[in-house]
Amino acid sequence: MKNIDSLINQDVFHIQRSGIRKFFDKVAQVDGAVQLTLGQPDFRTPDHVKEAAKQAIDENHTTYTPNGGIPELQVAATNFMQEKYGLDYKAESEVIATIGASQALDITLRTLLSHGDEVLLPVPAYPAYEPLIRLNGAKPIYIDTSKTNFKLTKKAVKEAITPRTRALILPYPSNPTGVVLSKTELAEIASVVQGEDMFIVSDEIYSELVYDHKHQSIAMFPGMKERTVVINGLSKSHSMTGWRIGFTFAPAELVTHMLKVHSYNISCASSISQHAALSALTVGKDDAAAMRAEYENRRNYMLERLLEMELPVEKPEGAFYLFPSIAKTGLDSYSFAEKLLFEDKLAVVPGTAFSQYGEGYVRLSYAYSMDNLVEACNRLERFVTRHSV
Ligand SMILES: Cc1ncc(COP(=O)(O)O)c(C=O)c1O
């Protein structure tokens, strides 16, 4: 047999392991490290959700479900979108229950992309987008948002569109920056995309964790619903990362094709998790409120401490991350994170885990208890004081 490397799909071969995961291997070597690394809520899944799952097992809801999900869940998901964000989708034809937002992104991109297509990708960005684009033989076209407060602008989108552009990933509220686009900023982007033969893949997984105003979806602007796939899910809103339930909301014509990819790939999401999700979206439709209030307190605390340390940072309006500049230390992101881990036993994620455009920044997650955050900030302050140039 030939060298195995040459037998592997070359798009797969060239994909790198996530920078976050690589850094976790290092963190695991340091005993007693305080962490600000995780992108998952530190709250428990609500009890009524757990009870619904137990009941689903007892009632033998343990078989395959329809490919797009159990009809009650499709109704609950579309009602939720209507009530929370004013978006109208048909339960029977415009929503698919997926295995987390991750699989929702995967089936969306696999349905839309062909070899040689271009996808506009605002960066720094969540690390999964780029490999998912490349797995389809398509090319990410980076749009550097670091000079525009991590906001995608109308001008940047306009300049990046070519005849090969098939989609724009719209990743707000943003992981890793916590930045959100205002209604006016979304309207401007919508105005550019409206005239183009392309889709928007709007990753709104943090939509329930927006602090200073209500979340707005690009799909609500005139003419946008028909060209937008909204990605959402329960991982962050209901602290259900391990249950693996997400959704795509898209025009029926597109959903027909997405369902083919979805059904040959996974058949359906877990029947038990779907029943749990039904409870989350009905009984627990406001479950995120208490968590959001707690995250907001933590954000305010962290922001104040970072400003005291004179680390420049955008005020996050959503999600549970801060993305401060570490330029004043003169260290690159990886050296900063490595030294901080070994010298002061604090783990943060290097900005370069979110593309090369994250160089000069680190990501801090505040999905941790206040005690943890206080100790983490004390350690960070000591480190930054020692390393300021
Ligand atoms: C921006 C973003 N999109 C998608 C996901 C994946 O979410 P899920 O756990 O529902 O697959 C994450 C998880 O961290 C994320 O941060």
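Taken together, the values in this text are just the output of simple stated rules run on the coordinates, not laboratory data. Because the structure is predicted, anything quoted here is derived from the model rather than measured. Ideal geometry is used to build each Cβ from the backbone, glycine not excepted, and the neighbour counts take in all protein chains shown.
Here are the numbers for the structure shown:
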{"quantity": "For the chain, size of Cβ-based charge dipole, Lys and Arg +1, Asp and Glu -1, in debye", "calculated": "660"}
{"quantity": "Out-of-range pairs (alpha-carbon distance over 21 Å; input LYS22/LYS147; LYS84/LYS285; LYS84/LYS183; LYS183/LYS315; LYS214/LYS285; LYS147/LYS315)", "calculated": "LYS22/LYS147"}
{"quantity": "Span from the the stretch 78-156 Cα centroid across to the the stretch 1-70 one, whole angstrom", "calculated": "19"}
{"quantity": "Top positive-direction residue, dipole computed over the chain with Cβ charges, set PRO316, MET370, GLN16", "calculated": "GLN16"}
{"quantity": "GNM top mover of PRO71, PRO324, PRO316 - the chain, alpha-carbon springs below 10 Å", "calculated": "PRO71"}
{"quantity": "Relative packing of 330-339, 142-151, which averages over residues the other C-beta atoms within 10 Å, highest first", "calculated": "330-339, 142-151"}
{"quantity": "Selected from ASN297, CYS268, LEU281, residue furthest toward positive end of dipole (the stretch 260-310; charges at beta carbon)", "calculated": "CYS268"}
{"quantity": "Given charges at beta-carbon only (K, R positive; D, E negative), |dipole| of the stretch 1-55 in Debye", "calculated": "100"}
{"quantity": "Descending semi-axes in whole angstrom, ellipsoid equivalent of the chain, from the Cα gyration tensor", "calculated": "33, 25, 22"}
{"quantity": "Sorted peptide list for 218-228, 354-364, criterion being average Cβ within 10 angstrom, highest first", "calculated": "354-364, 218-228"}
{"quantity": "Positive-pole candidate from PHE150, LEU105, THR228, dipole of the stretch 47-281, charges at beta carbon", "calculated": "PHE150"}
{"quantity": "Isotropically averaged projected area of the stretch 1-101, using the convex hull of Cα atoms (one quarter of hull area), nm²", "calculated": "12.8"}
{"quantity": "Label-to-label distance, nm, for residues given as SER114 and ASP371 (7 Å Cα→Cβ offset)", "calculated": "5.8"}
{"quantity": "DSSP bridge orientation in the stretch 47-281 - percent antiparallel, rounded to nearest 5", "calculated": "30"}
{"quantity": "Computed helical MRE - 222 nm, the chain, DSSP H runs ≥ 4 contributing -39500 (n - 2.57), nearest 500", "calculated": "-12500 deg cm²/dmol"}
